[in-house]
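*Asks:* One structure follows; several queries about it will come next.
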Amino acid sequence: MVAETTLKGKVALVTGASGGLGAHFAQVLAEAGAEVVLAARRLDMVQAGAAQIIDAGGLAHARALDVAKVEQIGPLFDEVAASIGPVSVLINNAGVGGEGRALELTPEAWDQAFNVNVRGVFFCAQAAARQMIAADLAASGGGRIVNIASIAAHTVLPGLSAYNASKAAVGMMTKALAREWARHHIAVNALCPGYVETDINSAWFATENGQKQVRGFPRRRLMEAADLDAALLMLAGPAAAAITGTLVTVDDGQSLP
Ligand SMILES: NC(=O)c1ccc[n+]([C@@H]2O[C@H](COP(=O)([O-])OP(=O)(O)OC[C@H]3O[C@@H](n4cnc5c(N)ncnc54)[C@H](OP(=O)(O)O)[C@@H]3O)[C@@H](O)[C@H]2O)c1
């Protein structure tokens, strides 16, 4: 548990916050003082996550959002700005695995990976940046956009070509947006986690081959979501005032050859 108040007064929106890393990130940001908006398609799950944060003394709201439906994104950000306040921290976390070996991968699976992992990330960042610029956040420390990429942005995860390509796209998108929005005092960075067991990969790690992969990691283990907390808070908070366009890998050494 992180007990800080570095994000007090900030509105932080986390996409894909109905479970896994997104639900954890929302908790961590709330513990750091942010008023958190948990967004995902499963409204009941984000409502449960928000209720947990409120029970622990934090500030949280739940919203339904499908990031692959671009027509939902602008209205959601507008509604949040009107009812809660302008978003000053966006955690662009919603993502899908894009499974399928290259020879069998269908156009539908490719599109799903890119619609959520790339298109969704871009248009959420665009909506957030428009709001941050309109709110003129420079005097209060600027805006923060943290794109949750993966070690797949720079290291081949075998059998996941669409996922690898989508996360590499997020990496370069992060740099391009950082360059474009630097003058508006918006820091855009990517967090590249190694493997943490969540719904996205639990079926794989239940297999013998999945366990073999874990035994091949330098520390022969998966990471915990909490291992990402320090980097998340750095990129979402005041410490990132001069950090922008950077990919921060936190992977317990998993991507080392
Ligand atoms: N776990 C890892 O080892 C790992 C490592 C590196 C990077 N990552 C990245 O971390 C992020 C979170 O993954 P996770 O491990 O927490 O996986 P997860 O447990 O499967 O969670 C994925 C989240 O994304 C949401 N989501 C999926 N499609 C969506 C859509 N169209 N619109 C809105 N939300 C959507 C899901 O919510 P709904 O289904 O309710 O919409 C869910 O909350 C992903 O970007 C993933 O690529 C994970």
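*Asks:* Scan the helices (runs of 4 or more DSSP H) fully inside region 144-245 and keep the ones with 2 or more residues being away from the ligand (no atom under 13 Å from the Cβ). Don't jump to the end; show me each part of the working.
*Replies:* Working: elements: 161-181, 202-205, 208-216, 229-236.
Result: 161-181, 208-216, 229-236.
*Asks:* Let me spell it out: the conditions are (1) surrounded by fewer than 17 Cβ atoms within 10 Å (Cβ to Cβ); (2) more than 12 Å from the ligand (Cβ to nearest atom), and Val70 meets all of them except one. Which number is the exception?
*Replies:* The one condition Val70 does not meet is (2).
*Asks:* Additional query: Provide a single number: the residues in region 36-54 that are buried (at least 24 other Cβ atoms within 10 Å of the Cβ) and either among the basic types (Lys, Arg) or closer than 24 Å to Ala241 by Cα (or both).
*Replies:* Of the residues in region 36-54, 2 are buried (at least 24 other Cβ atoms within 10 Å of the Cβ) and either among the basic types (Lys, Arg) or closer than 24 Å to Ala241 by Cα (or both).
*Asks:* Any residue at all in region 220-239 that's at pLDDT 95 or above and more than 20 Å from the chain's Cα centre (by Cα)?
*Replies:* Yes, region 220-239 contains a residue that is at pLDDT 95 or above and more than 20 Å from the chain's Cα centre (by Cα).
*Asks:* Residues that are touching a Gly at 6+ places or on another chain (Cβ under 7 Å) and on the phi < 0 side of the Ramachandran plot: which helices (runs of 4 or more DSSP H) entirely in region 16-108 hold 2 or more of them?
*Replies:* Values: elements: 20-31, 43-55, 70-83.
Qualifying helices (runs of 4 or more DSSP H): 20-31.
*Asks:* A further question follows. Checking Leu90 against (1) surrounded by 18 or more Cβ atoms within 10 Å (Cβ to Cβ); (2) in contact with an Asp or Glu (Cβ under 6 Å, 6 or more places away or on another chain): exactly one of these is not met. Which one?
*Replies:* Unmet condition: (2).
*Asks:* Looking at Ser140, Ser88, Ser83, which is the one that is more than 20 Å from the chain's Cα centre (by Cα), within 21 Å of Val188 (Cα to Cα) and polar (S, T, N, Q)?
*Replies:* Unique residue meeting the criteria: Ser140.
The values are calculated or read from the model by the stated rules, or taken from the named source; none is laboratory data. These numbers were taken from a predicted model, which means no experiment stands behind them. Using ideal geometry, Cβ is built from the backbone for each residue, glycine included, and neighbour counts are taken over all protein chains shown.
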